[in-house]
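This report concerns only the one structure given below.
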């Protein structure tokens, strides 16, 4: 079985007392009380999302090299 490592950009921003981690390419986000927790949570959400795409035979989006247009 071939394994491919994909690296997606994740944007983390503070919202109130939480941090939100968002992956623009996949449209996946999650949150946590710290940046580390938000990042760990979004990693799990990304894995779950990619597993679902694989099971349904849906094409997995390629990671973007950079994110532009952020304010």
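The values are calculated or read from the model by the stated rules, or taken from the named source; none is laboratory data. This one's a predicted model, so the numbers in the text were calculated from it and none came from an experiment. Positions of Cβ are generated from backbone atoms using ideal geometry, with glycine treated the same way; all protein chains shown enter the neighbour counts.
For every residue, the table says whether it meets (1) at pLDDT 95 or above; (2) assigned to a helix (DSSP H, G or I); (3) touching a helix residue (DSSP H, G or I) at 6+ places or on another chain (Cβ under 6 Å); (4) buried (at least 17 other Cβ atoms within 10 Å of the Cβ).
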site: 22; (1), (2), (3), (4): yes, no, no, yes
site: 38; (1), (2), (3), (4): yes, yes, no, yes
site: 41; (1), (2), (3), (4): yes, yes, no, yes
site: 55; (1), (2), (3), (4): yes, yes, no, no
site: 66; (1), (2), (3), (4): no, no, no, no
site: 69; (1), (2), (3), (4): no, no, no, no
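Among the residues of segment 27-57, those identified as more than 15 Å from residue 15 (Cα to Cα), free of Cβ contacts under 8 Å to residues at least 24 places away in the same chain and under 8 Å from the mean Cα position of the chain (by Cα) are 27, 28, 43, 45.
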